[in-house]
1. Relative to 2.2 N^0.38 Å, what does the C-alpha radius of gyration of segment 570-643 come to as a ratio? Two decimals please.
2. Please work out how much accessible surface residue 458 shows to a 1.4 Å probe, ignoring ligands, DNA and RNA, in Å² rounded to 10.
3. At a Förster radius of 35 Å, what calculated FRET efficiency corresponds to the Cβ-Cβ distance of residue 234 and residue 53, to the nearest 0.05?
4. With 18 Å as the cut-off, how large is the P(r) tail for segment 57-126, expressed as percent of Cα-Cα pairs?
5. Each label point is 7 Å from the Cα along the Cα-to-Cβ direction; what then is the distance between the points at residue 249 and residue 360, in nm?
6. Cα centroids of segment 465-505 and segment 281-356: how far apart, whole angstrom?
7. Using only the C-alpha atoms of segment 271-368, find the volume of their convex hull and express it per residue in Å³.
8. Could you go through segment 615-626 in sequence order and give the Karplus-derived ³J(HN,Hα) for each residue, using 6.51 cos²θ - 1.76 cosθ + 1.60 with θ = phi - 60°, rounded to whole Hz, and x for Gly and Pro?
Amino acid sequence: MTPPPGSTSRAAAWRARGLCGAAACVLLAWGLREDVQPDLYFHLAAGRWIHAEGLPRTNVFLGLHPEHPFVNHEWAGQALAWPVWQVGGARALALGKIALAAAAVALAASAGRARRWARLVVLVPLAVVLGPRILLRPELVAWLGVGLNLALLHRDRWRPRPGTTLALCAYQVLWANCHGTSVLGPGLVLAGAGGAALAGLCRVEDARSRWTRAWAGARTLVALAGLQVGAALLHPYGPEASFYAPWRRLEAFLRPDDERLSARIVELTSPFDPLALGRPEVALGVAWALMAPLVLLAAVRARRLAPAGAAAALALVVVGLAYVRTLPLVGLALAGPTAAVLAALAARAGALAGGPSRRAATLLAAGWVALALALARGVLADRWHETAEHDARAGLGLGDFLRYDEAAAALDRLGEGGDAPALVFNNFGSGHFLLWARAGRAPRPVMCGNLELYPPSHLARYRRIMEGQRPWAAALDELGVDAVLLDHRVETPAFLEALLAEALLAPAPRRWVLVHADGRCVVLRRAGPGVAPLDVDGFARAALARTFHDERPDDFAPTVALRAVGLLPAWGPRPIERLHLARLLERLGRPGPALALARRARDLGPRFVPGLVALGELERRAGDPREAQAVLERAASLAPGLASPRVGLGQLALARGDAAG
């Protein structure tokens, strides 16, 4: 039976809408995740400073090394983010990041001759690979720049027209002033020039004309790359800021003895690291990268991708495999060629079968849409990325996990008596928030994640103190620190144990006093007149009566709507926050309340292995030894690879003499 006229085109249109909607759901799911990194707070603080005072040239943010030169290579992104924040707050910034990510994936998928359905199919894996980097950070400008270069040059068949040259050079100026990876722009263009030259060499037999043909294919791309380099140099901080990323790599190579933090930053680990490969999006990106030679060769042989485009894509894949952080480059580089190969294979299969089957196409599209919706639901549920420390939840806004409002308020109260501390020693992760939330008020922090704000020796000293190396007390005296703020959830070095031992166990007179504690931080102050210690018993009672954030209803319309259609599971109470407080209460010498909270956490997450291990250790020390054995055996049965389930919540193990530093 012949289908009615127009029915085939209508069916194709509906399939395209379904595929587009599925890809949008995956992209939105990643964008809606509450995964704000602390860098955002620094960018907002810097943007506020730029609008009020102009471009900073020295360290105007921290309490130490005010004379240290500061090359703010991301100043334009910060200057743009601050007014957006003022107008629409965190939700405006989050919607902006989703828009930038959507533009980047759409442009990248168009960089190859392919039918619309093939481009839409590729958007789903591309959104998954790019998803973890859809963050409120200026690097989204880089992903958009890569997509824009690939899309426009593919449209021009890698012979850039004047309009393309003008557009790419204009964007290069913005890119260079927003993020330090702008070298990727001229870099991929030069790689394309190499591919075009190689293609010219292979097509001509005569040696003299061979080189002429090679240069003819590459010269416009070489000229474009030169113009992009010139555009990138239009930066108020000079060449060091224009090409910040390669500059830092060269510096690390030339000075390998510098104490740097890169080895400890998760996003700078290799995607081939076994722990990284355990994350689905990393495994997908690595598998895609390993297929790159076959995909690019097939796209070129099918005449759906120019050799210059294949060379540029291959160069991006190589760079993308350097770190987990750069893995999105793999997806951006291969999205268009993969779509082209899929379209070519489908066309050949249709020709061999005597024409495409409309029913088969509809079934395949429906299956792909179902898979995409399942992926979106898994991302929103955030089961892939939860850890013993981090209980992320969907929703637009600044991450609850990285806020220190109660501790910042406690620092403000310290100054109400007229004897305000001048300098606070803080853990690495809280520094950005303090700079943003406290707007320069004393006490100022000594540490934040922007390593450019201080010399490497400062980081080395910080690490020695955090590791509890003696004499840490003398090091604090030398710095002039009179308050300490530490996040007890994720950074639990010997220094934290030593400080609490000094404040709670050391004989009088004690040099440090615990003045504040909450679910995230502890704040200590040098002992002195009018410094009142925290009522630890009152804090323990309040912890047992506390209403946790996962017990409060969600009133944000988008996430409520997602739950209504089944895309976002109900949150429900989770154990992690309770475990943080239980760990702190044990450190504060209150094992009874700690045990009660750990038991509640076990009831909420009976299969959550870190919670079971924590409870087992508490039961062994302060509860029922037989119950401890049963709980630890349960943890071992759920995690057979667990080397030893006897991992404590954290004891005050330093002797009083050691605690004094």
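1. Numbers: Rg = 11.8 Å, N = 74, 2.2 N^0.38 = 11.3 Å.
Dividing the Cα radius of gyration by 2.2 N^0.38 Å gives 1.04.
2. Ignoring ligands and nucleic acids, residue 458 comes out at about 10 Å².
3. Numbers: r = 22 Å, r/R0 = 0.64.
Approximately 0.95, to the nearest 0.05.
4. Working: 1499 of 2415 pairs.
In whole percent, the share of Cα-Cα pairs in segment 57-126 beyond 18 Å is 62.
5. 4.4
6. Using only Cα atoms, the two centres lie 51 Å from each other.
7. Details: hull volume 10.1 nm³, N = 98.
Taking only Cα atoms, segment 271-368 has a hull volume of 103 Å³ per residue.
8. Going residue by residue, I get 5, x, 5, 5, 4, 5, 8, 10, x, 9, x, 5 Hz, with x marking Gly and Pro.
The values are calculated or read from the model by the stated rules, or taken from the named source; none is laboratory data. Computed from a predicted structure; not experimentally measured. Every residue, glycine as well, gets a Cβ built from its backbone with ideal geometry; the counts of neighbours run over all protein chains shown. We work out accessible area using only protein heavy atoms, side chains counted, and drop any ligands, DNA or RNA first. Shrake-Rupley method; radii C 1.70, N 1.55, O 1.52, S 1.80 Å.
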